[in-house]
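Let me begin by presenting the structure, written as C-alpha cells, before commenting on it.
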Amino acid sequence: MSMRTHYCGLTTEALLGQTVNLCGWVHRRRDHGGVIFIDLRDREGLVQIVCNPEQAEVFKVAEVVRNEFCLRVTGVVKHRLEGTVNNNLKSGKIEVVCSNLEVLNASVTPPFQLDDDNLSETTRLTHRVLDLRRPQMQNNLRLRYKVTMEVRKYLDELGFIDIETPMLTKSTPEGARDYLVPSRVNAGNFFALPQSPQLFKQLLMVANFDRYYQITKCFRDEDLRADRQPEFTQIDCETSFLSEQEIRDLFENMIRIVFKNTLDIDLPNPFPVMDFATAMGLYGSDKPDMRVKLAFTDLTHVMKDVDFKVFSGAANMENGRVVGLLVPGGAKEGSGMPRSEIDAYTQFVAIYGAKGLAYIKVNEKAKGRDGLQSPIVKNLHDAALAQIVELTNAQDGDLIFFGADKAKVVNDAIGALRVKIGHSEFGKKAGLFDDSWKPLWVVDFPMFDYDEESDRWTATHHPFTAPKDGHEDMLETNPGACIAKAYDMVLNGWELGGGSIRIHREEVQSKVFRALKIDAEEAQLKFGFLLDALQYGAPPHGGLAFGLDRIVTMMTGSDSIRDVIAFPKTQRAQCLLTQAPSEVDEKQLRELHIRLRSAEPKVV
C-alpha cells in the first residue's frame, strides 16, 4: 500500500524503530505546551502521534489540524515514556514520532464528538456517515460481516448453494402490507418488493436445487419498533428430503458455531424444546425470555364461582383466562417491592389492554385469610384463597399478581409484566434473572389463528406451512385443532428465526386455501405458479429464515437493530440522511401513469 504501511490500531511494539506510514482521522488533538499529540484513528483503532517543534514543517501543520481532519503520517515507532502507557489500546505502549504530516482533507467542525455517548438517535441518523466512524458502530458492522461469513462457510461446507431470487415480484394477500412498485411498461400494474423469498425458494426445491440459501433483503410495510425495519436482512434457507428434527439440528448447530467463532460463546447443546401451548400457558409468549425465573399459574378453574366479578367474569367467558404470577420475596419486609413500583406496574400493563392489576401479599401463610393482604381478599372465598396459595406455591414474603381478561390480553399484559419484573433492579437483586444466553426451540404452533374482525381463519405463519401428519383432514372440518410442522428459534426473548416443513402436495395446499376462505379462482390467480409447480413431483421440503439484524443486535447488546444496520430508517420509515422518501417530479409520475390525490379536507 503506497499511502500507508500499517493500520493505526495495529501499530505495536513489534514495529519499534521502524518508519511507518499511517492514514486516518484526527480523534483528538492535544497541545501540551510545545509538543502536540494527535490521536489518529482508523478502522483498527487509535495510535498516538507526537509532533515536536524541532520538526518545524510538521509542527506548523499540526497547529492547524482539528478533529476529523484526514491525515497521512510518516514517523518512527518509539516506546512511550514511563507512566504514559495506555493498556486499553493495542498501540498503547508506543507512539509514532512524526517526521512528515500531510493533510489529505480538512474537515468542518463536526456536529458532535465521536466519543459522546449521549447523542440522540435523530442526531446520529441525520449525520450517519460520522456516526459510522465511531468505534462502536465500526465494531458492530464488522461483527455483522463476521457473522455472515461464518454462516456462508457453514452452509457452503454442507452443500448449500447461494441463489438470488427476484426483488420485483407479485403481490400476495398474506402477511404484512407490500411495498408496491409501479410498472412504466405495463400501465396500471405493480410489482411488489418481496416480504420474503418464500415462494421462490419452494420453487427451487421443486427445481431440484435441494440445498438453497440466500442472505437477502426483505421488505414489509408494517408498524415499526426497535426490532423491525421496512427493509431487513434475512438468512433464508431451504432444503429437501430432511425431517423437521433434522432441519432443526442442522440450523441449531449453525447458530452455535456462529456464536462460538465470532464471540467465543458456548451456547447450550442441545437447545431446549418447548411446545407452543406450554410457552403460552407458562409465559404468555411464543418467544419467552427464559432468563426470567417467573412463570404463570393458571387459576381460571379456581375463579369460576368467586364473588369478584373481574375474576369470575373472565373465568367464565369464552377464551377468558385468569392467571397468577408469583414474585418470590416481592412482599418481604424491607427488601420487597415498594408500593410505588407496584402502582407503576398497573400503568405498565394498561399498555397491553389490561384494565387493572390485582395483587395479594402473602404475609403469614399459616394464618390463611388473615395472613393475606390485598383489597381483593374479601371478595374471594376461603377455598379459592387456599388454592391460590397452594397452586402458586407461595411462601411468606411473596407477592402474587393477577391477570384476568380475554386470554390474549392476559398473555400480552402479564407476559410483559413477567419480563419487566425479571429485568428490574428488584428482580436482579432477588435472583429472578439469570444473565446468560438462553436459547429455545418453540414447536407445534397452531396452523391457524381466528380473526374475529374478519370472521375467518388466518395462517399463523404463512399458508404454505404443512400440518402435522394426520391433521390434513381437520383442515376442512376443524381448522382450529390443526397443529403445524412449524418451529421458531428463540434467544433471550427474541425470535431469531422461524421456519416449517412446507406443503409439497397440491391437494393439501388447496385444503389450506379453502380453510383460509381463498377460493380456487383466487388461489389460481395469486398462487397459480406455485400450485402448478407442486404437480410436477414436488419433493418434501422445509426450511428456516433467520433475522440477521436481530442476531447481530443481540450479540452487540444493542437496544435496536438500527445500531447494526449501516443506513437504517426511523420508526416513521424515513431515512434522515438522504431525506427519503421524498416527492418526485410530475414527469416521472406521468411516465408511471400515476396521479396524486389531494388529501381529504379535515372535518371540523
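The values are calculated or read from the model by the stated rules, or taken from the named source; none is laboratory data. This is a predicted model, so every value here is computed, not measured. Note that each Cβ is placed from the backbone with ideal geometry, even for glycine, and that neighbours are counted across all protein chains shown.
Points worth noting:
- Among residues that are over 30 Å from D236 (Cα atoms) and either assigned to a strand (DSSP E or B) or among the β-branched types (V, I, T) (or both), T148 is not included.
- Members of region 304-314 found to be crowded, with 20+ Cβ neighbours inside 10 Å and touching a Gly at 6+ places or on another chain (Cβ under 9 Å), listed by number: A314
- Where K201 falls short, out of the listed (1) in contact with a Cys (Cβ under 9 Å, 6 or more places away or on another chain); (2) more than 25 Å from K517 (Cβ to Cβ); (3) of a type outside the set (A, V, I, L, M); (4) free of Cβ contacts under 8 Å to residues at least 60 places away in the same chain: (4)
- For region 165-188, filtered to residues that are assigned to a loop (DSSP other than H, G, I, E, B) and touching a Pro at 6+ places or on another chain (Cβ under 8 Å), the residue that is surrounded by the fewest Cβ atoms within 10 Å (Cβ to Cβ) is P166.
- With respect to the conditions (1) surrounded by 22 or more Cβ atoms within 10 Å (Cβ to Cβ); (2) farther than 14 Å from V20 by Cβ, N52 falls short on a single one, namely (1).
- Scanning region 100-109 for residues that are surrounded by fewer than 14 Cβ atoms within 10 Å (Cβ to Cβ) and either under 25 Å from the mean Cα position of the chain (by Cα) or not in a strand (DSSP E or B) (or both) returns A106, V108, T109.
- Filter result for K485 (buried (at least 19 other Cβ atoms within 10 Å of the Cβ), outside the structural domain of F348 (by TED's automatic domain parsing) and over 24 Å from D343 (Cα atoms)): yes
- T262 being closer than 27 Å to I561 by Cα and of a type in the set (S, T, N, Q): yes
- Residues satisfying the stated conditions in region 27-64, i.e. in contact with a Ser or Thr (Cβ under 9 Å, 6 or more places away or on another chain) and under 17 Å from S99 (Cα atoms): V47, Q48, Q55, V58
- The residues on offer are G320, G281, G330, G336, and the sole one that is under 25 Å from the mean Cα position of the chain (by Cα) and either not assigned by TED's automatic domain parsing to the domain that holds S374 or not hydrophobic (A, V, I, L, M, F, W, C) (or both) is G281.
- Among (1) more than 29 Å from N253 (Cα to Cα); (2) touching a helix residue (DSSP H, G or I) at 6+ places or on another chain (Cβ under 7 Å); (3) touching a residue at least 40 places away in the same chain (Cβ under 8 Å); (4) not in a strand (DSSP E or B) - the single one P463 does not satisfy: (1)
- Some residue of region 311-325 being at pLDDT below 95 and in a helix (DSSP H, G or I): no
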